[in-house]
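> Mind having a look at this structure? Questions to follow.
The values are calculated or read from the model by the stated rules, or taken from the named source; none is laboratory data. If you're wondering where the values come from, they're calculated on a predicted model, not measured in any experiment. In this analysis, Cβ positions are derived from the backbone assuming ideal geometry, glycine residues included, and neighbour counts consider all displayed protein chains.
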Amino acid sequence: MKKILFLLTFLQMLLFSYEYDELTLKAQATVFPKLLLLDQDVSKKLVNNQIQFSIVYQEGDQREAQKVKAFIEKQFDGTLGKYNLNVITQSYKKVQKGKKSTAYYILNSEDSKMQKVAQIGMDHNLIVYTYDKQNFQNSILISLAIKDSTIIYLNKEMLKNYKINFVDALYQIVKLENGQ
């Protein structure tokens, strides 16, 4: 019985988790919070007078979310620009129940779950980042990839839906991409 239970647990983890590249996770953990400072209205989006940066994960990816949280906390040591920074991890279920944040970094999941977080971002003019730019099809705004160099992608089609006032400098450092 114990072997069967172990096997079922192991299969569930395989079905619900995604393989993440640690270098990409570290790069995203370094860059994504900084991009928040390019939102001209970030001060209006604080939660309890601080930036609350949420890392959203699906069942099976909690460990990866904790790694990203640790990378960010080590990199920024509780401050981002002139703001205090609080990094939290939460499951897709908790996000959908209304736990408020300044921005969301979503790990891969089912399209419907990612779309719900993207909708929260659009409804409240919050930046939603994703691990994989292929998730732009789910209305996500920003991603980052490492190829020959580090490239920050901005979903051109969704920019108007998010209604975020970025400083002009952002458009000089990103590659505009269609969300298809």
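> Please work out which residue is surrounded by the fewest Cβ atoms within 10 Å (Cβ to Cβ), limiting yourself to the stretch 49-74 and to residues that are at pLDDT 95 or above and more than 16 Å from the chain's Cα centre (by Cα).
N49
> Which one is farthest from the chain's Cα centre (by Cα) among residues in the stretch 168-180 that are part of a loop (DSSP other than H, G, I, E, B) and over 23 Å from S54 (Cα atoms)?
Here the residue is D168.
> How many residues does the stretch 28-75 hold that are over 21 Å from L126 (Cα atoms) and either of a type in the set (A, V, I, L, M) or assigned to a helix (DSSP H, G or I) (or both)?
Going through the stretch 28-75 one residue at a time, the tally reaches 9.
> Please specify each residue of the stretch 137-167 satisfying the condition of being polar (S, T, N, Q) and part of a loop (DSSP other than H, G, I, E, B).
Of everything in the stretch 137-167, those that are polar (S, T, N, Q) and part of a loop (DSSP other than H, G, I, E, B) turn out to be S139, S149, N165.
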